[in-house]
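Bear in mind these aren't lab numbers, they're just calculated from the coordinates by the rules spelled out. For clarity, every value in this text was computed on a predicted model and none was experimentally measured. Cβ sites come from the backbone with ideal geometry, for glycine too, and all protein chains shown count toward neighbours.
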Amino acid sequence: MKKIALEEHFIVPCLVDHLLEGMPAVTPEVEHTLVDLLSDLGERRLAAMDAAGVELSVLSISGPGVQVEPDASRAVALAREANDLLAEAVAKHPARYRGFAHLAMQDVKAATAELERCVRELGFVGSMVNGHTHGIYLDNPCYDPFWEAMEALDVPLYLHPEDAHVLPHVLQGAAGLSKPVWEWSVETSTHFLRLVFSGLFDRFPKLKIVLGHMGETLPYVLWRLDSRAKLTPSKRPLKLQPSDYLKRNLFVTTSGQCDDVPLIAAISGLGADNVLFSVDYPYEDSAIAGRFLDNAAISEATREKVARLNAVRLMNLKV
Ligand code: MN
């Protein structure tokens, strides 16, 4: 079945240092192969897409990107350079690629202006943000002008994992759990719940947030979030139950989770319209990801939604 994929990474020369800074401990050979694959926007990537039945990939800079850059003005300039290079790559293969904006979230005003430039002038279909920025999460009120622009542009924000700002005590001394094994799921699911419990979605009800990795465990805990939140008096009560925001404002992709159990949990918890295919190229194998969705134990109508129809609707794609 033809697919659209949303968590497909690439890298540009000016951001390779930032990439290597955040990469999990791998051998020099693996590191070299990954940088090589990430840098290729031509034949090899297109062949991997073909092997998985991916007709269209939404490309994003492989994190952590400019958000870890200490110099904010340099971060703004690097993000702009990366987005211009992405626009060139999309222009070369307009039938195969779309782009997510890379943004320097340490400068809210510049990030908002760059998002608007990317969507209105470069034709990008949303943005990807790699978690917190120097410890500041997206529920911080400083981001309200950014969210206002997101809502007005009607594009999704893909909230991608990033290392914890300070490693939680429970993860200290447990190197086997670091980064994608477990740390990133805790960090990223909690980041999304901060958005919910801060009341962000009461103020901006039309926001569309995407989480990878089948929702970073969230589709599994809806009932418990509602039941326990009721017992916890909050200074800022929410208009709706926590699960209502997950069903309305959250979209999850299958990136890096080729397993029917979380897929069926996500479809059953959030609804068949809120689950979308992705690979997490080149960190996952495209062919395995494609075969997983082609053979998953779901109806053909649901499979087509996950494979491409939900992506077309979420990003208002003209395909
Ligand atoms: Mn990824």
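So if I place +1 on the C-beta of Lys and Arg and -1 on the C-beta of Asp and Glu, and nothing else carries charge, what would the dipole magnitude of region 63-120 be about its Cα centre? I want it in debye, nearest 20.
The dipole of region 63-120 has a size of about 300 debye.
Please identify which residues in region 241-266 have an amide N closer than 19 Å to a label point set 7 Å out from the Cα of A301, following the Cα→Cβ vector.
The answer is 264-266, whose backbone nitrogens lie closer than 19 Å to the label point.
Where does each of 265-276, 244-255, 36-47, 300-311 land if you order them by average Cβ count within 10 Å, highest first? Walk me through the intermediate numbers first.
Working: 265-276: 21.2, 244-255: 23.2, 36-47: 15.7, 300-311: 19.3.
So the order, starting with the most tightly packed, is 244-255, 265-276, 300-311, 36-47.
How much length is gained if the chain between D273 and L238 is pulled fully straight, taking 0.36 nm per residue apart and subtracting their Cα-Cα distance, in nm to one decimal? Write down the numbers at each step before the final one.
Values: separation 35, 0.36 × 35 = 12.60 nm, distance 2.41 nm.
My answer for the length gained is 10.2 nm.
Residues with beta-carbon under 15 Å from that of A174, excluding A174: net charge, scoring Lys, Arg +1 and Asp, Glu -1? Present the calculation step by step, with values, prior to reporting the outcome.
Numbers: positive: K179; negative: D163, E183, E187.
Net local charge, A174 excluded: -2.
In debye to the nearest 20, how big a dipole does the chain give about its Cα centre with +1 on each Lys and Arg Cβ and -1 on each Asp and Glu Cβ?
On the way: 31 positive and 42 negative charges, 276 e Å.
Computed about the Cα centre, the dipole is about 1320 debye.
Region 159-292: D in µm²/s via Stokes-Einstein (Kirkwood Rh, Cα pairs, 4 °C, 1.567 mPa s)? Mind dumping the intermediate values first?
On the way: Rh = 15.8 Å.
Taking Rh from Cα pairs, D becomes 82 µm²/s.
Could you give the size of the charge dipole of region 1-147 about its Cα centre, using +1 on the Cβ of each K and R and -1 on the Cβ of each D and E, expressed in debye and rounded to the nearest 20? Walk me through the numbers before you get to the answer.
Details: 12 positive and 22 negative charges, 106 e Å.
Computed about the Cα centre, the dipole is about 500 debye.
Per DSSP H run of at least 4 residues, take -39500 (n - 2.57); add these up for the chain, divide by its residues and hand me the 222 nm value, nearest 500 deg cm²/dmol.
-13000 deg cm²/dmol
To the nearest 0.05, what FRET efficiency results for N316 and D50 with a Förster distance of 25 Å applied to their C-beta separation? The partial results should precede the final answer.
On the way: r = 25 Å, r/R0 = 1.01.
Once the sixth-power term is evaluated, E becomes 0.50.
Along the Cα-to-C-beta direction of A175, a point sits 7 Å from the Cα; which residues of region 4-35 have their amide N less than 11 Å from that point?
25
Under 14 Å from the Cβ of T217, count the other residues' Cβ atoms, weight Lys and Arg +1, Asp and Glu -1, and hand me the total.
Numbers: positive: R224; negative: E183, E187, E216, D259.
Once positives and negatives cancel, what remains is -3.
Over 19 Å between Cα atoms: which of K3/K318; K179/K247; K2/K318; K208/K305; K208/K235; K247/K318 fall into that group?
Exceeds cut-off: K179/K247; K208/K235; K247/K318.
Order these by the 10 Å Cβ neighbour count, fewest first: H32, H18, H169, H102.
On the way: H32 11, H18 22, H169 7, H102 30.
Lowest count first: H169, H32, H18, H102.
Quote the Stokes-Einstein diffusion coefficient, in whole µm² s⁻¹, for the chain, based on the Kirkwood radius over alpha carbon pairs, a temperature of 4 °C and a viscosity of 1.567 mPa s. Write down the numbers at each step before the final one.
Values: Rh = 19.7 Å.
My calculation gives 66 µm²/s for D.
Taking θ = phi - 60°, what integer Hz values does the Karplus form 6.51 cos²θ - 1.76 cosθ + 1.60 yield along region 81-96, in sequence order, with x for Gly and Pro?
These are the phi-based 3J(HN,Hα) values: 4, 4, 5, 5, 5, 5, 4, 5, 5, 5, 5, 6, 10, x, 8, 10 Hz.
Any idea how far the Cα center of region 140-210 sits from the one of region 225-243, in Å?
Answer, in whole Å: 19.
Give me the aspartates and glutamates in straight-line cross-link reach of K230: C-alpha distance below 20 Å, same-chain residues under 8 apart excluded.
Answer for K230, where 20 Å is the Cα cut-off: D202, D244, listed by chain and number.
Tell me the net charge near L159. Cut-off is 13 Å between Cβ atoms, L159 excluded, with +1 for each Lys or Arg and -1 for each Asp or Glu.
Details: positive: R194, K208; negative: E7, D139, E162, E187, E216.
Charge balance near L159 sits at -3.
Given just the C-alpha atoms of region 51-151, how large is their convex hull per residue in cubic angstrom?
105 Å³
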